[in-house]
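> My structure is below; once you've seen it, I'll send some questions.
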Amino acid sequence: YTVQKHGAQKRASGDPYFSHPIEVAGLMTELKLDQQTIVTALLHDTVEDTVATLEEIEDLFGIEVARLVDGVTKLKSSSHNKQQNKAATFHKILTATLADPRVLIIKLADRLHNMSTLSSLPADKRIVIANETMDIYAPLAGRLGMADMRWRLEDLAFRELNPEQYKGIADLLTE
C-alpha cells in the first residue's frame, strides 16, 4: 500500500519516497514493537503526502492503525503562519500520545530517520530541524526512557549544529 500510494515520489536525496517509511518501520522492529505499530510506521506519511485517506486506511488496516496514523499526521496548512501550524501539529501529536504512547515512538523514529538524511536539504532547513531535534525530540525520547534513541538524535543534531566540534570529538574517539 505504501509503495503504491507514494508511487514515483522522491525524497530530497533522490531516493524513492517509500524507502523512508520502510526505514521507520525497521526502527519499530528493532524496538520489538507490535504489528499495528510497524504497519503504522509503514503508513505514517501516506495521508500527509499522498491521496490516501484515513477512511481507506481504516478499511484496509483497522481502526487502531488509522488512529495511530492520524496521530502522527501533520495538520494541513491553515491560515496560521508556519510556526503556529507547527505548534498546532505538535499539540496534536502530544494529545494523541496521551491516548497511545506509540504515536510519539513512531514520531521519534520518523525524526531519527529524517535526521540521518538531512544532508540533502538546504543548510537553513537542516539547522531548524537539528535545533528542533535537540530542543524537543531528543529530550522526549529521554523522558520515555529511550536513552539510545535520545543519544542517536542528539548525535545527529550535534553533528549538524556544531560540525567542527563534532569532527574533533569523532577524531579523538577514533584515536
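The values are calculated or read from the model by the stated rules, or taken from the named source; none is laboratory data. If you're wondering where the values come from, they're calculated on a predicted model, not measured in any experiment. Virtual Cβ from ideal backbone geometry, glycine too; neighbours counted across all protein chains shown. Protein only, heavy atoms only, side chains kept; ligands, DNA and RNA dropped before computing areas. Shrake-Rupley method; radii C 1.70, N 1.55, O 1.52, S 1.80 Å.
> Mind listing the long-range amide H neighbours of ARG11? Cut-off is under 5 Å, sequence gap 5 or more, other chains count too, H placed in the peptide plane at 1.01 Å from N.
TYR17
> Angle, helix 123-132 long axis vs. longest principal axis of the chain, Cα atoms, 0 to 90°, nearest 10?
With rounding to tens, the tilt is 80 degrees.
> Give me the percent relative contact order of the chain, please, defined on Cα pairs under 8 angstrom at least 6 residues apart.
In percent, rounded to a whole number, it is 16.
> Consider the candidate values (1) 1.05; (2) 1.33; (3) 1.25; state which one is Cα Rg over 2.2 N^0.38 Å computed from the structure displayed.
Among (1) 1.05; (2) 1.33; (3) 1.25, the one calculated here is (1).
> From the phi angles alone, apply the Karplus equation (6.51, -1.76, 1.60; θ = phi - 60°) to the range 33-39 and give each ³J(HN,Hα) in whole Hz, x where the residue is Gly or Pro.
Karplus-based 3J(HN,Hα) across the range 33-39 equals 8, 6, 4, 4, 5, 5, 4 Hz.
> By per-residue mean of other Cβ atoms within 10 Å, what is the highest-first order of 31-40, 156-165? Please report the intermediate quantities before stating the final value.
Details: 31-40: 17.6, 156-165: 15.9.
Final packing ranking: 31-40, 156-165.
> Moving on. At 1.4 Å probe radius, can you tell me the per residue accessible area of the range 86-169 in Å²?
52
> Between ASN85 and GLN165, what's the calculated FRET efficiency when r is the beta-carbon distance and R0 is 30 Å? Round to 0.05.
On the way: r = 33 Å, r/R0 = 1.09.
Efficiency at R0 = 30 Å is approximately 0.40.
> Would you please classify the overall shape of the range 1-69 from the alpha carbon gyration tensor, given that a ≥ b ≥ c denote the square roots of the eigenvalues, rounded means a/c under 1.5, and beyond that prolate means a/b larger than b/c while oblate covers the rest?
Oblate.
> Roughly speaking, what is the centre-to-centre gap between the range 5-52 and the range 68-110 when only Cα atoms are used, to the nearest Å?
Taking the Cα centre of the range 68-110 as reference, the centre of the range 5-52 is 16 Å away.
> Put +1 on the Cβ of every Lys and Arg and -1 on every Asp and Glu Cβ in the chain; which of ILE129, ILE63, THR29 then has its Cα farthest towards the positive end of the dipole?
Highest projection toward the positive end goes to ILE129.
> Now, a different point. Roughly what angle does helix 82-99 make with the longest principal axis of the chain, taking Cα atoms, 0 to 90 degrees, to the nearest 10?
In the chain, helix 82-99 runs at an angle near 70 degrees to the longest axis.
> For the chain, what is the mean residue ellipticity at 222 nm derived from helices alone (per DSSP H run of n ≥ 4: -39500 (n - 2.57); sum divided by total residues; nearest 500 deg cm²/dmol)?
Result for the chain: -21000 deg cm²/dmol, rounded to the nearest 500.
> Sort 42-51, 10-19, 104-113 by packing, meaning the average of other beta carbons within 10 Å per residue, with the highest value first.
Going from most to least packed, we get 104-113, 42-51, 10-19.
> With charges set only on the Cβ (+1 for Lys and Arg, -1 for Asp and Glu), what does the dipole of the chain come to about its Cα centre, in debye to the nearest 20? Could you put the intermediate results ahead of the total?
Values: 20 positive and 25 negative charges, 81 e Å.
Using only the charged Cβ atoms, the result is roughly 380 debye.
> Using only alpha carbon pairs under 8 Å that are at least six residues apart, calculate the relative contact order of the range 1-105 and give it in whole percent.
Relative contact order here is 20 percent.
> Another question about this same structure. Between GLU132 and TYR1, what is 0.36 nm times their sequence separation minus the Cα-Cα distance? Round to one decimal in nm.
The span from GLU132 to TYR1 would gain 44.1 nm if fully extended.
> Can you give the FRET efficiency to the nearest 0.05 for SER13 and GLU48, using r as the Cβ-Cβ distance and R₀ = 30 Å?
0.95
> Then there's this: Dipole magnitude of the range 1-100 about its Cα centre, charges +1 at Lys/Arg Cβ and -1 at Asp/Glu Cβ only, in debye to the nearest 20?
That gives the range 1-100 a dipole magnitude of about 520 debye.
> Compute the Cα gyration tensor for the range 77-142, then decide on rounded, prolate or oblate, letting a ≥ b ≥ c be the square roots of its eigenvalues: rounded whenever a/c is under 1.5, prolate when a/b is larger than b/c in the other cases, and oblate in all that remain.
oblate
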